[in-house]
Structure formats: C-alpha cells, structure tokens
C-alpha cells in the first residue's frame, strides 16, 4: 500500500501552490480587514467581499475549480478520486476561507454532491448549476436545539404533505451558510412519517431562503467566532410551503441521503484540518527561532524541540490515516469504509486542536490575538469535534463495530 500522488494530482498541486502563493497568502490579512469593515454595519455584515469573486474568476480560469467532485459526477467536477483530492484539500485548509475561492467549501460541497446524485433535472438546472458556477451559496439544515441531533433520528422538524405542497414546521440551529447574503437555497431534513421504521421517517427537501415562513432568528458563534460572512444561523420554519417536487428522491430517504452526504464531508473536514495543523506547525517553527527567552531562542530549549517533534509525528499519523481512509473510500465505497472514516473523524480534530494549541503557546499572548490565524483555526478545529457527529458517537459506533466484527470472526460453532 502506498499513497504516491498521481500525475494529475501533482500537476494540480503545483498549480494550487502557485495560486496560493500568488493570490491567497498576499491578500489574506487584507481579506480579513474587508470582512471586519463589512462587520461594522449590519447591512453589510454577511456580504462576501468583492475580492472573493475576483479570486474565484482567477481560480476558474486556472482550472482549479470544483476539485471535490469525483469521477461519477463528471462533467460537473474535476473527476478526482478522494485520494487524489486529499492533498489539494489539505492545501486549501491552510487558509480558512480559501476553499471558497475554488468552489470547494462546506456546506456547498455536500449540497452539490446531494443535488448531483439525488436531484431531479429541474433541481439541477435551478440550484446545482448556479452552485457549480459559484454564483450562489447554500445551507444545510439538520441540527436542532431541542434534541441531541448527533442522533439524526431525534430531529423533530415536521414535513407534512398537503395536496401539491409540503408544509414544514420546526426550528434548526447551526445551519451553516444560512447567514450569508448570497445564500439562496437550503437542504432541510425533517420527518415525513412518524409511523415508519426509525431510519425511514426522515426526508430531505429543498427550501429557498426567501420562502414565506422562513425566519433567520440570529447568528450563532462557534468558540466566540461568528465566521462572517458565511455564518451559522438559527432558523424557524413556520408553516413553510414548498412544492412536492422539492422533495429529494422520495419520502423516507432523508437518513440515507444524510449518511451518503456526511461520509465525504467528514473526510474533507479532516483534510482541511491537517492543512490547518501543518500551517500551525510551520508558524511555530518560525516563531521559536525568532523569540528569545532566558538569553536564547526558544528553539534551543529541549522542551520546545520535543513538542515540535511530537506535533510533526501527530500530523503525519493523521495525514496517513486520512489518505488510507480516502483510498478505502475509492476502492470499496463509503459503507465498507465506515470504520476508518469514523477513526479519522475521531483522530484529526483532536490532533489539530492539540497541535494548534501548542503553536499558540509558543507564540505567547500574540497567538490568541487577531494578528495570527491560530485562534480562528483552533475554533474551527474544536467545532469539528462536534460537527458531522461528535467524537463520542463515532467512538461508540466504531467500538461497537469492532466488537461485533471480532465476535463474528471468532464465534464458536
């Protein structure tokens, strides 16, 4: 087993590196300043700076566009496997907002995959094509404040058919992307049949943001960060009516769609987190050479060298596990790869939290400030320990599967 990059990946990685060096890193702080300027007025707080659209046009012209969509979704995407996409996604993760430049940011990536796989021809024309072109943004509404949404069967939002429409009632929160001024469509998960078997009660339906009865209550912060201009919203659905054609696939298919959507989404987050962690390590290596304490650079301290070494080992272990998971998904599919997907979802966010925390410590007080990206990346890493399923759920399911597999293989006849 080896994970040498394909020639296609190597070429794209070279182009992506050059693009990041030329167009992303030089404007990173400027982009943040534009966001901060927009934040000063509520009317512009959730408006994406025009600089993003300029960068998108350059990325598209460079052939660095929709890299996340695998071969089965051609001609929509670049046709990369999960293994081929992994190092590209990692590279984008070094700058939190850069994935959007290449039209590879969540939740749009997952929503595009859902629309490409499950959407009707009308859905694709109305919503998928503008998303693929980077013209609009989208949101995914599953998590609810009143229940433990880590178990998706707990959700209480009701989707009830009345003639030619479905009527939706419920409350969602941490609906990522819904605050953005250009968010035009939500994929909403709710229950259509409470009498059906537990995993066949849920359905997913498309709800335009401007539908009467949709109310964005407030933005929600994650570890003190509101993630402008994308944002996470609390949303109320009060007798929201949408055509029956807006339902994806059919009633009772929502849980299956969610599981298919979250497999790639989980590993994409892990790929980006490895990029965050690697950048934190790179910054730490530079910082400890520059910072002098007790008469010598921090890099001369034994404890610092040991921590740097451990950070490197932790990143490499997570990177290899992520590549193995990506390779398994390509070879055997998401269902067969469920255990290793769970493993990397457990490992990568914790690793990133630990590595970024160490980098903050080596930066001193400045590491917690807006002068460095570390505080924001730590907030992202810590949030992913909950997003797409908390650590505890993945550990419970992985442990259960391992025990069952062992007993099945060693059962006594």
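Here, each number is a calculation from the coordinates, and none is a lab measurement. On a predicted model such as this, the values are computed, not experimentally measured, just so you know. Ideal geometry is used to build each Cβ from the backbone, glycine not excepted, and the neighbour counts take in all protein chains shown.
If you build a Gaussian network model of the chain, linking Cα atoms that sit under 10 Å apart, which residue out of 106, 387, 43 swings the most?
43
Take residue 371 and residue 300, extend 7 Å from each Cα along the Cα→Cβ direction, and tell me the distance between the two endpoints in nm.
2.3
Taking 7 Å along the Cα-to-C-beta vector as the label spot, tell me the residue 135-residue 121 distance in nanometres, rounded to one decimal.
The answer from the label model is 1.9 nm.
Under 16 Å from a label point 7 Å along Cα→Cβ of residue 396: give me every residue in the stretch 177-209 with its amide N that close.
Counting only backbone N, you get 199.
What is the helix-to-structure angle for 28-39, meaning the angle in degrees between its Cα long axis and the longest Cα principal axis of the chain, kept from 0 to 90 and rounded to the nearest 10?
Approximately 50 degrees, to the nearest 10.
Calculate how steeply helix 302-332 sits against the longest principal axis of the alpha-carbon atoms of the chain, using the helix alpha-carbon long axis, and give the answer as 0 to 90 degrees to the nearest 10.
In the chain, helix 302-332 runs at an angle near 30 degrees to the longest axis.
Can you pull the one-decimal nm distance between simple spin-label points at residue 408 and residue 150, each 7 Å off the Cα toward Cβ?
In this crude spin-label approximation the distance works out to 2.4 nm.
Under a 10 Å cutoff between Cα atoms, tell me which one of 58, 300, 191 has the largest fluctuation in the Gaussian network model of the chain.
300
Of the candidates 218, 382, 266, which one comes out as most mobile in a Gaussian network treatment of the chain with C-alpha springs shorter than 10 Å?
Most flexible of the set in this elastic network: 218.
So for the stretch 7-119, averaging the separation of alpha carbon pairs under 8 Å that are six or more residues apart and normalising by length, what relative contact order in percent results?
Over the stretch 7-119, the number comes to 25 percent.
Of all DSSP beta bridges located in the chain, what percent are antiparallel, nearest 5?
Roughly 85 percent of the beta bridges in the chain run antiparallel, per DSSP.
How do 339, 108 line up, fewest other C-beta atoms within 10 Å first? Write down the numbers at each step before the final one.
Details: 339 15, 108 26.
Lowest count first: 339, 108.
Give the label of the value calculated from the structure for Cα extents along the principal axes in Å, choosing from (1) 64, 52, 43; (2) 80, 44, 42; (3) 77, 70, 42.
(3)
For the Cα atoms of the chain, what angle does the longest principal axis make with the long axis of helix 391-409, in degrees from 0 to 90, nearest 10?
Here the helix axis deviates by roughly 80 degrees.
Below 8 Å between Cα atoms, with a sequence gap of 6+, how large is the relative contact order for the chain in percent?
14
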